[in-house]
Each structure stands twice: as C-alpha cells, then as structure tokens.
C-alpha cells in the first residue's frame, strides 16, 4: 500500500494563489527527497490554476467547498469544518488513499477541530502552515515563515508545548531557482519588477499601469530611464483591462500574464513593487529593494514590521493606494542615483533569506517522522 503526504489548501481569484504555490514548492522537495506519494485536496480550482499541476507528479483531488466562494472565507470554513473534513476523507477513500503519514494544512479557515479529526481518522501527523496566530492548532509541526518581534509568545496557548516550531524566513518555501540566483552579486540599476500575486485580487496591476501611462504623458524622457516588468498573474480577474495597456506600446514597459522564469527576471532588477506574503521573501533572497502593498489583512502586520526594520518600504493597504502613489514611487526610482540603493543593503536582505527553506523544512519533517516511528 502506498504511503502519502497530503496537502489541504485552497486557491481562487478571491483568496489568492500564494498558499497553493508554496505548498506545490514544498511538495516537489518531498518528491525529490523521499519515497512518499503526494496528494492535494483543494477546492474546485479555476482552469487558470490547473496548469500549476502539470508534470508535478502529484495527485489533485478537488472537493466542492461551497463556502470558499463566500466572504469572509475563514469564518465560513471554520463553521463548516465537519463538512470539509467529511468531504476530504470521502475523496481520499474513493481514490483508495488510506495511509497518510503527514497532513500539511495551509488554510486560515481550519483549526484544531479539523486537525484533530483528520489525525484520529488517519493516525497521522500534522504540519500546520500559519502566520496569523489567531486560533488553536492540533499541530505536530508549526511553520510560520514571517518575521515577528514576538515569535516565541505569539502562539502561547494556541499549540501544545511539545510542538516542533519552525519560525522565520530562513524556512521560507522558495523554489529552487531562487537559491540558484541567490549568490549573484546585486548591481544597482533602474529595472523594476511588479507582481501582486497570482490573482491580484485588489487590482494593483491596473493602478500601476495607469500610473505608468500618466508618467509617460508627463515626462516620457525620465520614464525612458526605467525598465519595468509588470506580471499580472495567472488568475488575475482584471486581465481584460490589463490587455488594453498592451496595445498602448508604452516605452520601457513589458506586460506579462505570467512568466516561468520569475527568479531570473527578478534577479535582473534592483527594485520590486508588489504584494506582501511569500513574494517578499523571494525578493529579499535575491537582494531586491521592495516597495510593498498589503493586499490582504494577513499581510499587514508583517509588512509594517519589515518596514520598521528597514528591510522594505511599506506603502500602505490596497484600499488606501491609488495610481498616484505608484506614480510617486516610479518618480523616486527614476530620479535616484544609479550607484546606490534606496531601501536596504542587498547583501543584508540575502542573509536574512538564504533561500534553502524548503530543504530545511523537509529535513526537519523527515527527522520528526522517523523519530516518531522509533518511539512508537
């Protein structure tokens, strides 16, 4: 009988794709380093996201999570945890998946009730990925890759005393290509990459492109000194609006729906404008200067703290940001000295995020599972 590592994660244009992407990154490392088979249990994914599973050698099982379409998602799913648990168990059973050594749960809407339920049914261990610290967990391993000024106490009373805690961006779940470019010396230039997640739920790409049009109309010569890459995202619901900008043939600007070589393109740039979340660690791993906007409530605290440390420039929450704010950032970069960096020392950023987080998490997980087998 095959033994599995199972992932429970959802994604959509409303809730974003970051959780799914980082889980796929982690799953690849498990496949590379272990004999486990991998299964993902998700909501019914939009067609734009199904391609993420191409050639990944993982099983994808989709359940009808009706409450994922409603807001607020977390509260709705917590209130329906028994239904979700039942659907998860049923779809695994119907696919003859009966032995699961580890459940990886990356979901703000699930807590200890769902986790205890799955552990009692499968006699499994749980790796919980979280950064909110706002609910109890039945975790064996807890992964929180954010920087906090109180990491050691945030989860007090929310987890057991014997939980293996993996805290900080040294455990950030980055794809291998980021590690490949990590050692590249960062040279100052005026290239900018703009990405607001796989779905850009608040339409930041549209605001930024509006700012670029305004810049071009006011001072095209100054704009010509920049090179700007705008990546809209696979599940961007504003994609039709963004296509309009491609027809304008804006100088110094390239617009993409999606790119496969994110690390390579990012490594070419000194600056980034984008969302909080995992992408912050990608930029820091490559020494890129980041202007970040919070596009979800869970990004706010971490974004402000990183700004207070001088690692990023936090420009505000998405509902506070307009095109003029992006225009101001572009002017700042365009007028900056070409031999200096505006925010932080690139080498310091790279020290904080070395890029081998997946390897560390997999090693820690396997050590934990092996130790558990010995004790049992």
Which peptide among 263-272, 54-63 comes first, and what is the full order, when sorted by highest mean count of other Cβ atoms within 10 Å?
263-272, 54-63
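Work the Kirkwood hydrodynamic radius out for the chain: mean of 1/r over every pair of different alpha-carbon atoms, inverted, in Å.
21.5 Å is the Kirkwood radius here.
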Classify segment 178-352: rounded, prolate or oblate, from the alpha-carbon gyration tensor (a ≥ b ≥ c, eigenvalue square roots; a/c under 1.5 rounded; otherwise prolate if a/b is larger than b/c)?
rounded
Once the Cα atoms of helix 204-223 and of the chain are each reduced to a long axis, what angle between those two axes, in degrees from 0 to 90 to the nearest 10, is obtained?
20
Of all DSSP beta bridges located in the chain, what percent are antiparallel, nearest 5?
0
Report, in degrees rounded to the nearest 10, the 0 to 90 angle that the Cα long axis of helix 357-375 makes with the longest principal axis of the chain.
10
When the chain is fully extended, how far beyond the present Cα-Cα distance does residue 345 get from residue 99, taking 0.36 nm per residue of separation?
83.8 nm
Nitroxide proxy distance, nm - points 7 Å out along Cα→Cβ at residue 324 and residue 337:
3.1
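Can you give the FRET efficiency to the nearest 0.05 for residue 60 and residue 148, using r as the Cβ-Cβ distance and R₀ = 25 Å? Mind dumping the intermediate values first?
Numbers: r = 33 Å, r/R0 = 1.32.
Result of the calculation: an efficiency of 0.15.
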Per-residue ellipticity at 222 nm attributable to helices in the chain (runs of n ≥ 4 DSSP H, -39500 (n - 2.57) apiece, nearest 500 deg cm²/dmol) works out to -12000 deg cm²/dmol
Using only Cα atoms, find the angle between the long axis of helix 18-33 and the longest principal axis of the chain, and express it within 0 to 90 degrees, rounded to the nearest 10.
60
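Rule-based calculations on the coordinates, nothing more; no lab input. For clarity, every value in this text was computed on a predicted model and none was experimentally measured. As a convention, Cβ positions derive from the backbone with ideal geometry for all residues, glycine included, and neighbour counts pool all protein chains shown.
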